[in-house]
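Take a look at the structure below.
Readers should treat all values here as calculations from the given coordinates under stated rules, not as data from a laboratory. These figures come from a predicted structure and were not determined experimentally. With ideal geometry, Cβ positions are generated from the backbone for all residues, glycine too; neighbour counts draw on all protein chains shown.
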Amino acid sequence: MRPILTLGFVICALSAGGLGADQDSVPAHPSQLKFPERQIQLPSAENRRFQFENGPVVYLAEDHTLPLVDLTLALPVGSFLDPPDQIGLAYLTGSQIRRGGAGSLDATQFDDLVDDLGSRLNTLAGTTRSGATLSVPSWALDEGLDLLFAMLIEPQFQQDRLDTARSNLVESMTRRNEDALEVLEREWEWLMYGEEHFSNRPMTPTSLQGLGRQELMDLHRRCWRPGQMILAVSGDFDAESLLSNLESRFALWPVIEPAAVATPVWPPPAPRPSATPGLFHYEMDVPQAKVMMGHRLPSLLDWTDTDRFVLTVLAEILGGQGAISRIAGRLRTAEGLVYRASAQLLLGDLWPGELRIFFDTQSRSVSRAVELAAAEVERLRTEPIHPKELDLVKQSLLARLRLDFDTAEEIAGYFAEDELLGRPHSYWQNYLEGVSSVTVNDVRVAAKTYLQPSEFTILVVGRWSEIAAGQTPGTSDLERVIGRPVGHLPARDPLSLKALSTD
């Protein structure tokens with residue numbers, strides 16, 4: 001007990017004596033504590049980029065903390081390449097490269113080898129890009145790369161796996177009208193960008209019928225080429241050894257005639273310039289109405305345009321993920337009208353983005369919630385924000401930026417994405433400096449310029465008889481609040497998504 005008592009005596013003596021001398025410097029309240037400003041040091045892309053003779057670009061980020069290597073591969077192949085009568089071709093090709101066996105291995109044998117390594121290996125395809133991911137213990141890196149390159153170079157597109165994938169897709173199509181949020185998202189995208197744009201063309205049983213093994217093999221052969229691939233590799237490896245390993249594997253890729261290679265036009269075609277303002281409704285028997293409101297942005301901002309940083313701050317004020325969200329604060333916290341509320345200002349990477357405000361609420365509260373959401377947008381346009389609100393938002397955004405580059409995987413991934421999008425690596429330092437320098441007046445000017453309530457498209461999914469009635473008898477219904485008549489969208493066949501007859 002003696003050492004413990006002695007230690008306790010010393011602590012008490014220090015508390016009563018030595019520390020007491022500085023008692024006047026101790027703040028009276030924790031809120032008065034001051035800490036030195038933490039500087040954000042962003043990683044550099046210098047000495048991380050390498051390009052092989054046959055085209056692939058590789059970004060590296062070593063990290064020996066864990067015995068693990070992560071590889072992500074991306075290329076500009078997606079549904080924007082699908083012929084009109086073969087919607088789903090890029091998606092099925094992307095998924096079945098992994099699921100359909102490779103080289104001399106059938107699908108089951110390939111799956112077993114991936115599992116035996118304790119690794120994860122996947123492929124995927126979206127609207128504008130396709131890719132593959134490999135996560136493997138560093139001691140099994142060579143074996144993991146063997147499987148990755150066998151899959152990338154010689155996928156087998158095993159027929160039974162392809163048949164199962166098509167069957168599963170058709171089954172999922174039968175449920176396309178069951179989830180109100182999915183319906184809201186689908187109809188909103190059509191209102192914003194048009195049904196004719198490639199990003200909105202739906203897969204159907206008919207379009208899948210024409211997608212056989214040969215069609216997938218042809219797309220892979222023409223488009224999944226080394227010259228279009230960008231890789232991000234992070235983790236426990238030696239850079240020189242890994243680069244030599246990858247280069248020798250890419251050199252084994254079969255050479256085909258240049259005329260047989262499809263070089264996608266990049267960026268993909270943009271959608272129509274603007275959306276039609278108005279009030280739209282999709283009838284659905286759901287307990288809470290789902291609402292989306294917003295508009296397209298007028299143009300695609302250049303990566304060096306400082307308005308990007310101002311709009312990022314503006315978006316965080318309007319509906320961010322941090323401590324500030326005027327939409328959620330007003331509709332949910334202050335008024336108690338909604339269950340969920342969010343707002344986004346999507347700036348766009350390849351074509352102009354949009355302002356998007358979402359909430360769900362009781363049908364009788366839709367009119368009031370729409371009115372208040374529009375009022376919050378107008379308030380940002382006409383009233384300056386408080387400097388403390390601005391400081392809090394900027395701190396939140398910059399803290400998030402620091403976390404965005406917190407791991408080696410993120411570092412390599414962001415720099416590789418820069419390459420794919422044509423975004424300069426300097427963008428991240430410009431983002432740091434740009435967000436830091438945003439002023440109260442910058443936010444007001446940007447809100448006045450880019451937020452246009454008169455251009456709002458408003459989409460409501462729910463029971464119209466209850467939505468139109470308003471919150472209480474005698475109050476204005478939604479059409480009078482908006483100042484426009486409602487356009488009732490047609491119900492759709494879940495398989496074809498064609499409008500059903502109202503007869």
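The table that follows gives values for the structure above.
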quantity: The stretch 91-140 and the stretch 305-376: distance between their alpha carbon centers, rounded to Å; calculated: 39
quantity: Separation in nanometres of the label points that stand 7 Å from Cα toward Cβ, at L401 and H29; calculated: 3.1
quantity: Fewest-first sequence of L401, L246 by Cβ atoms within 10 Å of each Cβ; calculated: L401, L246
quantity: Sequence ranges 286-295, 77-86, ranked by mean other-Cβ count within 10 angstrom, highest first; calculated: 286-295, 77-86
quantity: Distant-in-sequence amide H partners of R492 (H built 1.01 Å from N, under 5 Å); calculated: L500
quantity: Global geometry of the chain, whether rounded, prolate or oblate, following the gyration tensor of its Cα atoms and the 1.5 cut on a/c; calculated: oblate
quantity: Global form of the stretch 46-156, assessed from the alpha-carbon gyration tensor, a/c cut-off 1.5; calculated: oblate
quantity: Simple label model, 7 Å out from Cα along Cβ direction - A260 to D115, nm; calculated: 3.6
quantity: Label point at N47 placed 7 Å out along Cα→Cβ; residues across the stretch 212-256 whose backbone nitrogen lies under 12 Å; calculated: none
quantity: Tensor-based shape of the stretch 49-260 (alpha-carbon gyration tensor, a/c under 1.5 rounded, otherwise prolate or oblate); calculated: prolate
quantity: Chain lengthening between N430 and A270 when straightened (0.36 nm per residue, less Cα-Cα); calculated: 55.0 nm
quantity: Computed over the stretch 105-169, the ratio Rg/Rh where both radii use C-alpha atoms and Rh is Kirkwood; calculated: 0.99
quantity: Debye intensity ratio I(q)/I(0), log10, the stretch 278-488, q values 0.10, 0.12 Å⁻¹ (C-alpha model); calculated: -0.49, -0.68
quantity: Listed pairs K290/K388; K34/K388; K448/K498 exceeding 27 Å between Cα atoms; calculated: K290/K388; K448/K498
quantity: Cα-only radius of gyration and Dmax that characterise the stretch 181-222, units Å; calculated: 14.0, 37
quantity: Burial order of peptide ranges 247-256, 97-106, 268-277 (average beta-carbon count within 10 Å, highest first); calculated: 97-106, 268-277, 247-256
quantity: Label point distance in nm, E215-N54, each placed 7 Å from Cα along Cα→Cβ; calculated: 2.9
